[in-house]
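> Here's a structure for you.
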Amino acid sequence: MIDLRSDTVTKPSEEMRAAMMRAEVGDDVYGDDPTANSLEERVAALFGFEAGLFTPTGSLANQLAIRQLVKPGEELITETFSHIVRAELGAGAAFSGITTRTWESPRGALVAGDPLRIARPDSGPNQVSTTAIAVENTHNFGGGTVQSIDEIRALREASLKMGLYMHLDGARIWNAHVASGVSFLEYGKYFDTVSVCLSKGLGAPVGSLMLSNKERVASARIWRKRYGAGMRQIGMLAAAGHFALDHNIDRLAIDHENARSLASAVHAVAPAVVDPSEVDTNIVILDLTGSSISAGDINGELKKAGILASTVGPTTLRLVTHLDVSAEQIITVNSVLPELVERAFKA
Ligand SMILES: *Cc1c(COP(=O)(O)O)cnc(C)c1O
């Protein structure tokens with residue numbers, strides 16, 4: 001099977017497994033795991049933060065971060081299709097009493113004016129006050145969209161004046177960096193808290209980090225334990241993270257090339273379905289509006305040909321490239337998918 005459902009499906013390589021086997025470990029709840037500690041220090045330094053916290057999932061890293069910024073009954077604003085409001089099952093409300101409001105943006109691309117238009121800090125005793133803004137980079141459901149650093153900078157400048165915090169959901173910030181050339185330090189500069197994932201395109205089996213200042217990370221460490229995610233000898237997982245950072249960042253460029261190749265092949269037969277110039281990174285969204293066959297049915301046909309994709313809406317398919325998809329497999333997909341799409345519009 002050629003698995004393009006997500007970049008979460010990657011399996012640790014032999015070399016990564018060997019690094020995990022060799023990891024020095026200790027009880028991380030006691031702060032005794034040297035490999036987890038060094039990973040937290042390393043990733044925090046990479047983005048210019050004082051401290052970091054290893055978490056089992058990106059959702060937990062996001063949730064620990066936003067609860068440091070937003071008090072119960074206060075408001076976090078974010079884009080309508082961002083992971084924090086679409087794919088974390090209401091965790092901000094369920095766990096932290098945080099309310100949310102959203103703005104919608106084509107491809108999830110940040111335009112600073114959008115959040116600024118709906119932000120309402122210090123709203124007094126009758127209306128909810130906005131406390132923080134979350135930005136997703138790259139934007140997953142938007143199609144791997146890389147956010148403009150100019151818009152991020154403009155949003156930071158204006159929101160600081162309004163007394164608002166900013167959180168970066170950087171699950172795929174690695175892809176944004178490789179595509180844009182913007183440094184991790186530069187990305188980190190504009191945010192109060194950051195989450196990053198090691199288990200997406202970087203290929204680690206488990207692991208994310210939440211980054212911020214020492215006080216917020218110390219508090220998040222307590223909340224992580226309270227949520228039941230205080231872990232013991234996690235150096236074996238942290239070693240996979242170190243390995244991923246050492247070996248798997250630059251190669252994301254290959255995934256981006258492969259994604260563009262898929263998009264171009266489909267575009268050649270059905271130009272309205274996908275614009276390759278809008279494929280910034282490793283995610284390809286096919287818009288099958290107007291086709292005689294549903295996205296689910298096309299996905300079923302793909303599966304028969306040994307290709308797995310995600311149906312993300314009645315007329316939308318998502319394909320994600322990653323380090324376990326080879327150039328040869330992309331050639332195979334390009335010999336099957338465009339024909340299927342073409343047929344779907346002709347029938
Ligand atoms: C995958 C992802 C996360 C974290 O997901 P987990 O499955 O909880 O690790 C967070 N944000 C975005 C944008 C993601 O794509």
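> Measure off 7 Å from each Cα along the Cα-to-Cβ vector at VAL128 and VAL29, then give the distance between these two points in nanometres to one decimal.
Placing both labels 7 Å along Cα→Cβ, they lie 3.5 nm apart.
> Filter the GluC sites (Glu not before Pro) in segment 284-347 to those in DSSP coil with at most 11 other Cβ atoms within 10 Å of their Cβ, and list the result.
none
> Mind grabbing the base-10 log of I(q)/I(0) for segment 54-119 at q = 0.24 Å⁻¹? Debye formula, identical points on the C-alpha positions, no solvent, two decimal places.
Taking Cα atoms of segment 54-119 as identical point scatterers yields -1.07.
> Here is a follow-up. Just want to confirm a number: the relative contact order over the chain, from Cα pairs under 8 angstrom separated by 6+ residues, in percent.
24
> What's the local net charge at GLU74, with K and R +1, D and E -1, over the other residues with C-beta under 13 Å away?
Residues near GLU74 contribute +2 overall.
> Separate question: Name the long-range amide H neighbours of TYR165: under 5 Å, sequence gap of 5 or more, or other chain; modelled H, no Pro or chain starts.
When sequence neighbours closer than 5 places are left aside, the close amide H contacts are ALA132, ILE133.
> What length, rounded to one decimal in nm, is gained on full extension from ALA87 through to TYR227, with 0.36 nm per residue of separation minus their alpha-carbon distance?
Taking ALA87 through TYR227 to full extension adds about 48.6 nm, to one decimal.
> What are the ³J(HN,Hα) couplings of segment 199-212, residue after residue, when phi is run through the Karplus curve with 6.51, -1.76, 1.60 and θ = phi - 60°? Round to Hz, x for glycine and proline.
Whole-Hz 3J(HN,Hα) from phi for segment 199-212: 9, 9, x, 6, x, 6, x, 8, x, 9, 9, 10, 10, 5.
> Could you grab the relative contact order for segment 252-346? Cα pairs under 8 Å, six or more apart, rounded to a whole percent.
The value is 34 percent.
> Is any residue of segment 322-347 close enough, with backbone N under 12 Å, to a label point placed 7 angstrom from the Cα of LYS304 along the Cα-Cβ axis, and if so, which?
340
> Let me ask something else. Would you mind putting 207-217, 99-109 in packing order, based on average other-beta-carbon counts within 10 Å, highest first?
Packing proxy ranking, top to bottom: 207-217, 99-109.
> Pick from LEU160, LEU288, LEU39 the residue whose mean-square fluctuation is largest in a GNM of the chain, springs joining Cα atoms under 10 Å.
LEU160
> If neighbour count is taken as other Cβ atoms inside 10 Å, put LEU262, LEU89, LEU198 in order from fewest to most.
LEU89, LEU262, LEU198
> Could you work out the relative contact order of segment 1-147, using alpha carbon pairs under 8 angstrom and six or more residues apart, expressed as a whole percent?
18
> Any chance you could list P(r) for segment 300-347, counting all Cα-Cα pairs in 10 angstrom bins from zero, rounded to whole %?
21, 58, 20, 1
> By count of other Cβ within 10 Å, fewest leading, how are ARG343, ARG156 ordered?
The most exposed by this proxy come first: ARG343, ARG156.
> When the dipole is taken about the Cα centre of segment 92-175, and only Lys, Arg (+1) and Asp, Glu (-1) are charged at their Cβ, what size is it in debye, to the nearest 20?
Here segment 92-175 has a charge dipole of around 60 debye.
> Could you compute the net charge surrounding HIS242? Neighbours are other residues with a C-beta less than 13 Å from the C-beta of HIS242; K and R count +1, D and E count -1.
It works out to a net charge of -4.
> Moving on to the next point. What's the magnitude of the charge dipole for segment 12-247 around its Cα centre, counting Lys and Arg as +1 and Asp and Glu as -1 at the beta-carbon? Answer in Debye, nearest 20.
In total the dipole reaches around 420 debye.
> For the chain, with a Gaussian network of springs between Cα atoms less than 10 Å apart, report the residue from THR35, THR332, THR78 with the top mean-square fluctuation.
THR332
> A further question on this structure: Could you give log10 I(q)/I(0) at q = 0.19, 0.23 Å⁻¹ for segment 219-325, computed by the Debye formula over C-alpha point scatterers of equal weight, without solvent?
Values returned for q = 0.19, 0.23 Å⁻¹ are -0.93, -1.18.
> Still on this structure, please answer the following. Return the calculated 222 nm mean residue ellipticity for the chain, to the nearest 500 deg cm²/dmol, obtained by summing -39500 (n - 2.57) across DSSP H runs with n ≥ 4 and dividing by the residue count.
-13000 deg cm²/dmol
> What list do you get for GLU40, GLU14, GLU50 if you sort them by fewest beta carbons within 10 Å?
So the ranking, lowest neighbour count to highest, is GLU14, GLU50, GLU40.
> When Rg is the radius of gyration of the Cα atoms in segment 12-247 and Rh is its Kirkwood radius, what does Rg/Rh come to?
Checking Rg against Rh, the ratio lands at 0.97.
> Also: With labels modelled as points extended 7 Å from the Cα through the Cβ direction, what inter-label distance (nm, one decimal) is found for ILE331 paired with ALA18?
Between ILE331 and ALA18, the label points sit 2.9 nm apart.
> Now, a different point. Quick one: what are the phi-derived ³J(HN,Hα) couplings along segment 117-127, Karplus 6.51/-1.76/1.60 with θ = phi - 60°, whole Hz, x for glycine and proline?
Whole-Hz 3J(HN,Hα) from phi for segment 117-127: 5, 9, 5, 9, x, 6, 7, x, x, 10, 10.
> Hydropathy at least 0.0 by Kyte-Doolittle, axial extent at least 20 angstrom from the Cα trace: which helices of the chain, defined as entire DSSP H runs, fit?
Those that pass (Cα extent of 20 Å or more, hydropathy at least 0.0) are 252-269, 327-346.
Taken together, the values in this text are just the output of simple stated rules run on the coordinates, not laboratory data. Every value quoted in this text rests on a predicted model; they were computed, and no experiment measured them. Heads up, the Cβs are rebuilt from the backbone with ideal geometry, glycines too, and the neighbour counts pull from every protein chain shown.
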